[in-house]
Structure formats: C-alpha cells, structure tokens
Amino acid sequence: MKVLVTGAGGQLGHDVVGACVSAGDDVVATGRAELDVTVRSDVAAAIAAIRPDVVFHCAAWTAVDDCESDPDRAFAANAEAVRWVREASALAGAHLVTISTDYVFDGTLERPYHERDTPNPRSVYGRSKLAGEGEAGPNATIVRTSWVCGEHGSNMVRTVLRLASEHDTLSFVDDQHGCPTFTADLAPMLRRLALERRTGIHHVTNQGAVSWYEFVRSIVAAIGKDPAMVRPIRTADLDPPRAAERPANGVLDNAVLREAGLPLLRDHRQPLAELVARIST
Ligand SMILES: NC(=O)c1ccc[n+]([C@@H]2O[C@H](COP(=O)([O-])OP(=O)(O)OC[C@H]3O[C@@H](n4cnc5c(N)ncnc54)[C@H](OP(=O)(O)O)[C@@H]3O)[C@@H](O)[C@H]2O)c1
C-alpha cells in the first residue's frame with residue numbers, strides 16, 4: 001500500500017513511517033519542512049501528486065501550555081489542517097487516519113472513558129483536537145491516545161532521564177492518571193486499523209493506568225536509580241501552575257478495540273523497559 005505520513009518528524013510520525021516501511025509499504029514521509037499541513041493548497045497539491053491509499057495524519061501542535069496563549073495557531077494546526085487533509089484525501093480516494101487525545105475529556109469521570117462518553121475539553125489544545133475530530137468526517141479512523149512516548153522526540157521518559165541525572169529528588173503529581181502509550185506499539189496498530197478501514201473513534205493506549213508520580217517512579221527504576229527519589233505532589237501545589245488544565249482522569253477504555261475482538265496493546269511497563277534500554281545505550 002502507498003502511504004503518506006504527515007508530521008513524520010514527530011514521535012509518532014517517525015514510528016508510523018518505520019512500521020509501514022517494515023511492512024513493505026511505499027512510504028512518503030513529510031515533516032513540516034516538506035509539507036506544512038496548515039497550507040491548504042500545499043496539502044491539496046501533495047496528496048493529489050502522491051495519490052496515497054492511506055494518509056496517516058500525525059502532524060499536530062502538541063505544546064499544550066503554549067496553545068493557551070495562541071488559540072488561532074492551535075486551531076489552525078489541530079483542527080483546520082485536518083479539514084485540508086480530509087478534503088484532499090477524499091479527492092484522491094485515500095483513507096484518513098488521524099490522531100486525537102484524552103484531553104478532549106474533562107477528566108471528572110470516576111471510571112475510564114470509553115469512546116461514547118461525551119467530550120468536554122478544558123484546554124485550548126483539547127478544544128482544538130476535538131474540533132479536529134469533527135473535521136475528520138465519518139469515513140476516517142480517529143485514534144485517541146494518551147501520554148505518548150517514542151524514541152524520537154521529547155517525552156516524559158527523556159525528561160526523567162535528564163532530570164534524574166541532575167537532581168537528587170524529583171516531584172511529580174499523583175492526582176492525574178492516564179495510560180502511557182509507546183509509539184513502537186501504537187504505530188503498527190494504526191496501520192492495522194487503516195488496512196481494515198475501521199472508521200470512527202478508537203481509543204488506543206498501552207494498558208496499565210498510573211499517575212504521573214507512579215509512571216516516573218517506574219522510569220527511574222528502569223534506569224537503575226532508586227524510585228524513592230520521586231516525591232508525590234498535588235496538581236494544586238505545582239509552582240508555577242501550568243497554563244493548560246490537564247484531565248485528572250485521562251484513562252481511556254479501549255472499548256471499541258475490545259468489542260471488535262482486536263488485541264489491546266500490552267502493559268506499558270514492557271515497552272517502557274525496551275525504550276529505556278534503547279535510549280540509554
Ligand atoms: N504527545 C502526547 O503525549 C500525545 C498524547 C495524546 C495524543 N497525541 C497526539 O498524537 C499525535 C502525535 O503526537 P506526537 O507526540 O508525535 O507529537 P510531536 O512529537 O510533537 O509531533 C508532531 C509533529 O507535527 C509537526 N507539526 C506541527 N505543526 C505542523 C504543521 N503545521 N505542518 C506540518 N507538521 C507540523 C511537528 O513539527 P515541529 O516539531 O516542527 O513543530 C512535529 O514534528 C498528535 O496528533 C498529538 O496531538 C499526543
């Protein structure tokens with residue numbers, strides 16, 4: 001199959017390219033320099049020229065706190081761009097796979113969120129990603145994921161590797177929960193959903209819900225340091241507070257995958273160990 005990957009310079013885009021190349025696909029990988037997805041005419045021209053079977057739209061503005069002060073840029077990158085990709089994909093007969101987030105929820109529910117729960121984003125980023133879901137249309141595969149970690153790009157694993165070498169103690173919040181998700185596992189599942197032309201919203205995360213405090217303890221242990229160096233704090237005690245509100249409960253129930261009889265991604269501690277082994281050697 002011929003595929004186009006947008007945002008190929010990012011964590012997920014990089015590994016989607018890798019998964020498709022490994023599977024023998026004909027892959028066109030575009031980073032921001034090759035294709036700015038906010039430029040409608042460029043998106044139209046690129047997709048018309050490439051004529052892919054599938055577009056994996058991984059480009060997004062993911063600087064959650066910065067989105068608060070520049071909603072126009074957030075909506076251009078995370079919502080309007082999806083419209084440009086969707087309309088060009090439809091003209092080319094390409095299936096669209098686009099990525100969304102647990103931040104579409106307000107995080108107040110006391111159980112994991114399934115795909116039919118009502119979104120209520122509390123941040124500009126979350127609102128822009130929810131608008132992007134709407135722009136994707138009914139024929140797209142929309143994958144909501146959370147706490148993304150990959151080998152290429154910045155994420156909590158890399159941040160903790162650096163912080164743990166610079167400080168004796170680390171403080172992380174113990175009142176925000178989610179499922180860390182590793183791009184090495186997520187990317188092949190995106191390809192499978194595309195191949196099977198599964199439309200609609202799918203929650204796809206690695207399994208094993210934790211707080212940031214618990215996740216950071218696992219990372220510290222995986223790099224061979226004492227997890228006791230990590231201290232729990234509350235979101236209300238963050239100084240300075242973060243510009244964007246995060247959902248206290250960002251745990252996504254992968255209900256649609258389960259109901260379809262598709263395999264769930266494994267517990268996050270396994271890909272965590274593999275990623276730490278790769279990036280610390
Ligand atoms: N990271 C997370 O924890 C997380 C959680 C849930 C869902 N998601 C979603 O998962 C997807 C992949 O995220 P990720 O973690 O791989 O993010 P990432 O590492 O920040 O990658 C996003 C890529 O998109 C590029 N990009 C931004 N604006 C663009 C534009 N106008 N045109 C073309 N490329 C552009 C970025 O380039 P620059 O670096 O040049 O800006 C970056 O390479 C996104 O849809 C994101 O919203 C992420």
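The values are calculated or read from the model by the stated rules, or taken from the named source; none is laboratory data. These numbers were taken from a predicted model, which means no experiment stands behind them. Quick reminder, even Gly has a Cβ in these numbers, built from the backbone with ideal geometry, and neighbours come from all protein chains shown. Surface areas here come from the heavy atoms of the whole protein model, side chains and all, with no ligands, DNA or RNA. Shrake-Rupley method; radii C 1.70, N 1.55, O 1.52, S 1.80 Å.
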For the chain, just the Cα set please: Rg and Dmax, both in angstrom. 18.3, 56
If only Cα atoms are counted, what is the Rg of segment 1-156, and what is its Dmax, in Å? 15.1, 48
Given the convex hull over the Cα atoms of segment 222-281, what projected area results after averaging over all orientations, in nm²? 6.9 nm²
FRET efficiency, 1/(1 + (r/R0)^6) with R0 22 Å, evaluated for ALA33 and THR159 via beta carbons: 0.30
Calculate what fraction, in whole %, of the accessible area of segment 52-169 sits on carbon and sulfur atoms when a 1.4 Å probe is rolled over the protein chains. 47 percent
Over all distinct Cα pairs, what is the inverse of the mean 1/r for segment 117-175, reported as the Kirkwood hydrodynamic radius in Å? 14.8 Å
What FRET efficiency would be calculated for the residue pair THR118, GLU259, taking the C-beta separation as r and a Förster radius of 22 Å, to the nearest 0.05? 0.70
One finds the C-alpha centres of segment 53-72 and segment 230-274 to be spaced, in Å, by 19 Å
Loop-resident sites, segment 1-86, for GluC sites (Glu not before Pro), counting at most 14 other Cβ within 10 Å (DSSP): GLU34
Per residue, what volume in Å³ does the Cα convex hull of segment 107-149 take up? 102 Å³
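On average, how much accessible surface per residue is there in the chain, in Å², for a 1.4 Å probe, leaving out ligands, DNA and RNA?
43 Å²
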